[in-house]
Each structure stands twice: as C-alpha cells, then as structure tokens.
1. Taking a ≥ b ≥ c as the square roots of the eigenvalues of the Cα gyration tensor of the stretch 24-69, is the shape rounded (a/c under 1.5), prolate (a/b larger than b/c) or oblate?
2. Under the Karplus relation 6.51 cos²θ - 1.76 cosθ + 1.60, θ = phi - 60°, what is the ordered set of whole-Hz ³J(HN,Hα) values for the stretch 172-178, x standing for Gly and Pro?
3. Of all DSSP beta bridges in the stretch 103-254, what percent run antiparallel (nearest 5)?
4. Report, in listed order, any pair from K18/K202; K98/K182; K105/K144; K144/K236 with a Cα-Cα distance greater than 31 Å.
5. Quick one: which residues, 5 or more positions from L112 or on another chain, have an amide H under 5 Å from its amide H? H modelled 1.01 Å from N in the peptide plane, none for Pro or chain starts.
6. Which values, in whole Å and largest first, are the semi-axes of the equivalent ellipsoid of the stretch 173-253 obtained as the square root of 5 times each eigenvalue of the Cα gyration tensor?
7. With the Cα gyration tensor of the stretch 73-213 in hand, convert its eigenvalues to equivalent ellipsoid semi-axes via √(5λ) and list them largest first in whole Å.
8. Between D40 and T3, with labels modelled 7 Å along Cα→Cβ, what's the label distance in nm to one decimal, could you check?
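Since every read-out is calculated from the coordinates, none of them should be taken as a lab result. Not measured: the values here are computed from a predicted model. Glycine also receives a Cβ, built like all others from the backbone with ideal geometry; neighbour counts cover every protein chain displayed.
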Amino acid sequence: MHTLSVVIITLNEERNIKRCLDSVAPVADEIIVVDSHSTDATEAICDRYGAKFFTQDWLGYVDQKNLANDLATCDLILSIDADEALSEELAKSIQNIKKQSIENKAFSMNRLMNYCGKWIRHGGWYPDVKVRIFRRGRAEWTGKKVHETLALAEPTEIVHLNGDLLHYSFYTVEEHIRQNEKFALLSAEEMVEAGKKATLFKAYTHAVWKFLRDFIFKAGFLDGKTGFTISRINAKCVGVKYKKAIELNQNRKK
C-alpha cells in the first residue's frame, strides 16, 4: 500500500483547521503543516493530530506550498488548504488509490464551495476541478502573486476521483469583499509588471462581462440571491483590478 502525506499551509486558521484535519486523518500517513507565525490556536490544534508543524516566514503562495511539498516523505502528496475538507466519498476514493498502481498518475477532484453556509453549484463555481494528489517529486507549484498552478512532470495521467473537496470559502459577505480587494491589488501589480495596458474602458467592459458570464451564462441565478451577490462582488473585483493598475502605472510615471 502506498503512503500519503497531507500538506497544508496555515496562518491563524483555528476556525477551519480542525475540520480539515478530521477529514484527512483517515487517509493520512503523515500531516505536514507549514505555518507563517499564527498567533491563535492553530499550532495547538495541529499538535493534537500529530502533525509535523513547521514555522516559516511567508514566502508567497507558490514558494510556501512548494516548501511544504519538499518536507513530505510519503509516496503521494495531498495538497489541501486549511479551509477545505474531504467529503466521506472523496476520502474513500483516496483510500482506494493508495492500494493501486500510481506510476505517472495524478488525481483530480471536484471542489464544492460553501458560501456563508450555502453550497454553491453554479456561476462557474462547480465543478471547480482541482488536481491535488500527485507523486512526491513529480509536481511543483508555479505562478506569481495569485492563482498558483500545479505543474506536473511529463508524462502524467490525470485520474478523476469520486467525491468532493469541500471548500468553506467565506463565512460572511464582508470576508469575500476583503479578499477580493486584496487579490485585486495583487492582480493589478502582476498586470503592471507584465506591461499590460489598463484603461477605464477595460475596467467597465470586463467587469460587466464577468457579471453576465457568471450570473447569466454560467447560471449563477440558480443560486438565487447568493448567486447574485457572488457575481456582483466578483465583477466589481475585476473593475477594481484595472483601476488599481491604472493608479500603479500613474504612480510609476511620477
């Protein structure tokens, strides 16, 4: 039977980490936590699950996750966020792959979002397919400031698993807005660094298209008022990204 390392990066995740660890405990042969100086009960909770707990200054999403991968010692790695958890069906699927041939394979799963207590199945949020299980040493995270991507060694066959990765994304609408403001600035910085041009026309048209795509064409309206709220906030984030990029470019010219 193959062994599995569960790797998690954390910062002040006491409200989420227990649920995550409860879900992975049945499948994990080791749990690796790389923490960037939490001041809450994150470490104490991880200790109760026998996790190997490492403290590391924040390196950025890509480097922090790659460090966690490097610390793993098992055959397979499951990379999971502290605000995620395995459904019972997904945990069973993972138990099964530990008994199978895993040569040149990685494993994907659907991610199901919980937004302010409601499961979201439309608007482009489901199925949010993620590759999260891979052979140790055959994958690394790549990307810049936001939206890290897992790059797999060639050749790799991706096998899709039954069950959902449950993502408890936001507890309040205000949390969603704050995170989008943070990501809008990071994305704007990436745009400026890449030399991409930002205009008010793009800010408006891209924001409108984002709303129409998610709420209408991707059926966000089927999630009712919550679907409208999500689509509106995400569309505004797109507009803010372009406006911040304009500001950054103007400041560079001063």
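1. Working: a/c = 2.78, a/b = 1.29, b/c = 2.16.
Because a/c hits 1.5 or more and a/b fails to exceed b/c, the stretch 24-69 counts as oblate.
2. Values, residue by residue: 9, 5, 4, 4, 4, 5, 4 Hz.
3. In the stretch 103-254, approximately 55 percent of DSSP beta bridges are antiparallel ones.
4. Too far apart for the 31 Å limit: K18/K202; K98/K182.
5. Amide H neighbours of L112: L165, L166, H167.
6. So the three semi-axes of the stretch 173-253 are 26, 14, 8 Å.
7. Gyration-tensor ellipsoid for the stretch 73-213: 32, 21, 13 Å.
8. 3.2 nm
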